[in-house]
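Only one structure is covered here, and it is reproduced in the block below.
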Amino acid sequence: EDQVTQSPEALRLQEGESSSLNCSYTVSGLRGLFWYRQDPGKGPEFLFTLYSAGEEKEKERLKATLTKKESFLHITAPKPEDSATYLCAVQLTSGTYKYIFGTGTRLKVLA
Amino acid sequence: DAGVIQSPRHEVTEMGQEVTLRCKPISGHNSLFWYRQTMMRGLELLIYFNNNVPIDDSGMPEDRFSAKMPNASFSTLKIQPSEPRDSAVYFCASSFQGVSYGYTFGSGTRLTVV
């Protein structure tokens, strides 16, 4: 069965304290892996797409990496405004364009 | 572009009543998705349209749920009759198939069935 697991469920960091969020996946075939940010009361907002092992993408304090079994979202020197839930999703090669979402990591950055 | 527009933002209804959620996707996008989000189950895909045609409705919980996309600029998700376990946030998202920009989500409709 295709599955996506994110860890940890919740993470509290001090401002400036770098860390990584994990997204591990077991799927029949990976077309792409996506990272989203979701703020309370809003829909998820697209961050990155990764397609192949070894690929990296960066945006401000965020860097996403991909291996054959997992993806990491590295947060360098986070600020309070980085507080949000971070979701990863995988898109399968099964011929449709739907995602399987993980349950997310709730990040809180304290000033 | 105003993004994906959903209405209403909040809906409170009594068990047994019909509920209709509405979505206007981004102009030019050819794929539309309806998701449901709960604390227990996270984001679950309900149904997916491509070029206004339903492609995958395997996530629709039961016959009480139905979705339509009569044209490229409008979709509805209907629940009849509604039950308390349908309480959740329902998101609509759109994308242009084959492009790696991900989905654009609306702000969601928070449904409470009492």
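The values are calculated or read from the model by the stated rules, or taken from the named source; none is laboratory data. Since the structure is predicted, the reported quantities are computational estimates derived from the model, not experimental observations. In this analysis, Cβ positions are derived from the backbone assuming ideal geometry, glycine residues included, and neighbour counts consider all displayed protein chains. Ligands, DNA and RNA are excluded from the accessible area calculation, which covers all protein heavy atoms including side chains. Shrake-Rupley method; radii C 1.70, N 1.55, O 1.52, S 1.80 Å.
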- [ ] Could you pull the Rg and Dmax for the protein assembly as shown, using just the Cα atoms, both in Å?
- [x] 17.6, 51
- [ ] Note down the magnitude of the dipole of chain B about its Cα centre, charges +1 on Lys and Arg C-beta and -1 on Asp and Glu C-beta and zero elsewhere, to the nearest 20 debye.
- [x] 240
Open item on the list: Keeping every protein chain present and rolling a 1.4 Å probe, give me the accessible area per residue for chain B in Å².
Closed with: 50
Task: Given charges at beta-carbon only (K, R positive; D, E negative), |dipole| of the protein assembly as shown in Debye - done: 220
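Local charge sum around residue A:53 (other residues, Cβ-Cβ under 12 Å, Lys/Arg +1, Asp/Glu -1)?
Charge balance near residue A:53 sits at -1.
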TODO: Find out how many positive minus negative residues lie around residue B:44, taking Lys and Arg as positive, Asp and Glu as negative, among other residues whose Cβ is under 14 Å from that of residue B:44.
DONE: -1
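Please give me the summed charge of the neighbours of residue A:23: other residues whose Cβ is under 12 Å from its Cβ, Lys and Arg +1, Asp and Glu -1.
So the environment of residue A:23 carries a net charge of 0.
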TODO: For residue B:51 and residue B:114, calculate 0.36 nm times their separation in residues minus their Cα-Cα distance, and state this gained length in nm to one decimal.
DONE: 19.1 nm
TODO: Calculate what fraction, in whole %, of the accessible area of the stretch B:28-114 sits on carbon and sulfur atoms when a 1.4 Å probe is rolled over the protein chains.
DONE: 51
Task: Percent RCO, i.e. relative contact order, over chain A, from Cα pairs under 8 Å lying at least 6 residues apart - done: 36
Open item on the list: Please check the stretch B:68-114 for residues whose accessible area, probe 1.4 Å, is lower by 50 Å² or more when all protein chains are in place than in their chain alone.
Closed with: B:100, B:103, B:105
TODO: Mind checking which of B:89, B:19, B:114 is farthest towards the positive end of the stretch B:10-114's charge dipole, using Cβ charges of +1 (Lys, Arg) and -1 (Asp, Glu) about the Cα centre?
DONE: B:89
Open item on the list: Test of understanding: given chain B, find the longest segment containing no trypsin sites (Lys or Arg not before Pro) that are in a DSSP loop and have at most 13 other Cβ atoms within 10 Å.
Closed with: B:42-114
Open item on the list: Out of the total accessible area of chain A (probe 1.4 Å, heavy atoms of protein only), what percent is carbon and sulfur?
Closed with: 46
TODO: May I ask you to find the residues of the stretch A:23-52 that are shielded by at least 20 Å² of accessible area once the whole protein assembly is considered instead of their isolated chain (probe 1.4 Å)?
DONE: A:36, A:38, A:41, A:43, A:44, A:46, A:51
Task: Distance histogram for the stretch B:53-114 (every C-alpha pair counted, 5 angstrom bins, percent rounded to whole numbers) - done: 4, 13, 22, 27, 19, 10, 4, 1, 0
- [ ] Just the number, please: buried accessible area between B and A, total of both chains, 1.4 angstrom probe, nearest 100 square angstrom.
- [x] 1500
